[in-house]
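Peer 1: Could you have a look at this structure, given as structure tokens, before my questions?
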Amino acid sequence: MNIDAIQNGIVIDHIPAGAGMELYRMLRLDALDCSVAIIKNAHSNKDGKKDIIKIDAEIPLNFDLIGYLAPHAKINIIREGILVEKRDATLPKTLTNVISCKNPRCITKTEQELDQVFRLTDPERRIYRCIYCETKAN
Amino acid sequence: MRCLIDILDLSVSELDELIRTACDIIRDPDKYADRCKRKKLATLFYEPSTRTRLSFEAAMLELGGSVIGFSEATSSSAAKGESVADTAKVISCYADIIAMRHPKEGSALVAANNATIPVINAGDGGHCHPTQTLADLLTIYREKGRFDHLTVGICGDLKFGRTVHSLINALSRYEDVRFVLISPEELKLPSYVKTEAIKKKGLEYLQTTSLEEAMPMLDILYMTRIQQERFADMDEYLRLKDSYVLTPEKLKTAKEDMCILHPLPRVNEISVKVDQDPRACYFKQVLNGKYMRMALILKLLEEAGK
């Protein structure tokens, strides 16, 4: 399958197969006017399958969110057809307003102006906990 | 601003320092009678807790300070919809230190993030209750003289019991502490507490449903109440509430110097007949709680003044 190479924009590569749509939704890429391509189940030598997102514009990205959903993703910035920057996603130490606490007894449920902040408590198992009630993120 | 939200906010050396201060208060209370003169403690209790609130108030009064506050949400601005953050900012203008109890988990951290004076978590829902753990620790220290090389049995609701999680977190920082976790299957200690507090430190633990089986090996027996307020399903509460009842008969196989603790209030999990047993330390624990709160108030006010 061929998708045209982009001239100016961003390619998020090495997204775990199946996570591309969720990343698309959480990055709010549906709100963009430019072309956005999601390639599902592309061939990957390393993992067998992967998802890829191509964005035909250089937009600000929430790298914490990418790191949370796709910690091994590569973010390629392309200008005039040339790869000018390659960044590795990393598992962020804290997540602010990326996910919400599901604990009905958490203070964030009644005081909804509070930031939803999660801290990485177990990098090996990728476990984040709400800083307020310490409930594990799903 | 230095606050106490979780028992792990205190290092082992700070805990030792608090215990030293508390023991000195016990030895010579007059020395401390004016140490908080002209200082005000605000007790912000959004849910009733007679014992904890009165313990904080007694602690501040014995230090020569005074107390302002409320004892239920309906008599505070929360009834008008004021946020915890705003209340913390407002109270910072009136008082020198806050002790707060609130039914929502994480509320104490929100208060601490917004107050300009020290905040002590006096219980935030099912999350943390660090000053109860301070009371537990002083009692263990006064009865046993150490925190290491102990076999600690914890019995009852290990799933929802916030005092249990805090005590395990605090004791797992000491050498050769062995935990015996006694609970019904449904109320077992959550795996993250086991992993993060016990296994990571390489400490030994044993899980059992039998209090009788565990009894002979224990240096400390920490009993807890099966808390009705933590259950959404009343049938499940009724089924589990009488799982463990400590009686003089069950204590026959216990060590002579075993120490029985309970964060109180009890319902029926310790028979009143046990109260006469010299191993029953739960009322001493209440008094120790006041001394540790005195030591804590002193420490936080002293650090705030620097």
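Peer 1: Regarding B:Ala197, is this residue assigned to a helix (DSSP H, G or I), touching a Leu at 6+ places or on another chain (Cβ under 7 Å), in contact (Cβ under 8 Å) with a residue 12 or more places away in the chain and among the small types (Gly, Ala, Ser)?
Peer 2: no
Peer 1: Considering B:Asp257, B:Asp277, which residue is more than 17 Å from B:Ser49 (Cβ to Cβ), in the same structural domain as B:Arg162 (by TED's automatic domain parsing), among the acidic types (Asp, Glu) and surrounded by 13 or more Cβ atoms within 10 Å (Cβ to Cβ)?
Peer 2: Just a single option satisfies the conditions, and that option is B:Asp277.
Peer 1: Shifting gears a bit: Which of the residues that make up segment B:59-81 are assigned to a loop (DSSP other than H, G, I, E, B) and either within 14 Å of chain A (Cβ to nearest Cβ) or modelled with pLDDT of 95 or more (or both)?
Peer 2: B:Leu63, B:Gly64, B:Gly65, B:Gly81
Peer 1: Note down all Cβ pairs under 9 Å where the first residue falls in segment B:82-107 and is touching a residue at least 60 places away in the same chain (Cβ under 8 Å) and within 14 Å of chain A (Cβ to nearest Cβ), the second is hydrophobic (A, V, I, L, M, F, W, C) and assigned to a helix (DSSP H, G or I), and they're at least six residues apart or on different chains.
Peer 2: What qualifies is B:Ser107/A:Ile107; B:Ser107/B:Val84.
Peer 1: Taking the condition of being in contact (Cβ under 8 Å) with a residue 24 or more places away in the chain and surrounded by fewer than 18 Cβ atoms within 10 Å (Cβ to Cβ), how many residues in segment A:77-89 meet it?
Peer 2: Residues flagged as in contact (Cβ under 8 Å) with a residue 24 or more places away in the chain and surrounded by fewer than 18 Cβ atoms within 10 Å (Cβ to Cβ) within segment A:77-89 amount to 5.
Peer 1: Can A:Glu58 be described as loosely packed, with under 13 Cβ neighbours inside 10 Å, over 13 Å from A:Asp13 (Cβ atoms) and either out of contact with any Pro (no Cβ under 8 Å at 6 or more places or on another chain) or of a type outside the set (Phe, Trp, Tyr) (or both)?
Peer 2: no
Peer 1: Inside segment B:41-81, can you point out the residues that are surrounded by fewer than 19 Cβ atoms within 10 Å (Cβ to Cβ) and free of Cβ contacts under 8 Å to residues at least 24 places away in the same chain?
Peer 2: Result: B:Thr50, B:Leu54, B:Leu61, B:Thr74, B:Ser75, B:Ser77, B:Ala79, B:Lys80, B:Gly81.
Peer 1: Another question about this same structure. For segment A:1-114, give me every one of the helices (runs of 4 or more DSSP H) that falls completely inside it and has 3 or more residues that are of a type outside the set (Val, Ile, Thr).
Peer 2: Here the list reads A:20-26, A:63-69.
Peer 1: Can you work out which of the residues in segment A:116-137 that are farther than 20 Å from B:Gly126 by Cα and more than 10 Å from every other protein chain (Cβ to nearest Cβ) is surrounded by the fewest Cβ atoms within 10 Å (Cβ to Cβ)?
Peer 2: The qualifying residue surrounded by the fewest Cβ atoms within 10 Å (Cβ to Cβ) is A:Glu124.
Peer 1: Using the structure shown, decide if A:Leu95 is touching a residue at least 24 places away in the same chain (Cβ under 8 Å), within 26 Å of B:Asp124 (Cα to Cα) and away from every other protein chain (no Cβ under 14 Å).
Peer 2: Criteria met by A:Leu95.
Peer 1: List the number of the failed condition for A:Ile127; all other conditions in (1) under 21 Å from A:Ala17 (Cα atoms); (2) touching a residue at least 12 places away in the same chain (Cβ under 8 Å) hold.
Peer 2: (2)
Peer 1: Hey, does segment B:169-176 have a residue that's within 14 Å of chain A (Cβ to nearest Cβ), more than 18 Å from the chain's Cα centre (by Cα), at pLDDT below 95 and part of a helix (DSSP H, G or I)?
Peer 2: No - not one qualifying residue is present in segment B:169-176.
The values are calculated or read from the model by the stated rules, or taken from the named source; none is laboratory data. What you see is a predicted model, and the numbers here were worked out from it, not measured in a lab. Every residue, glycine among them, receives a Cβ derived from its backbone with ideal geometry; neighbour counts consider all protein chains shown.
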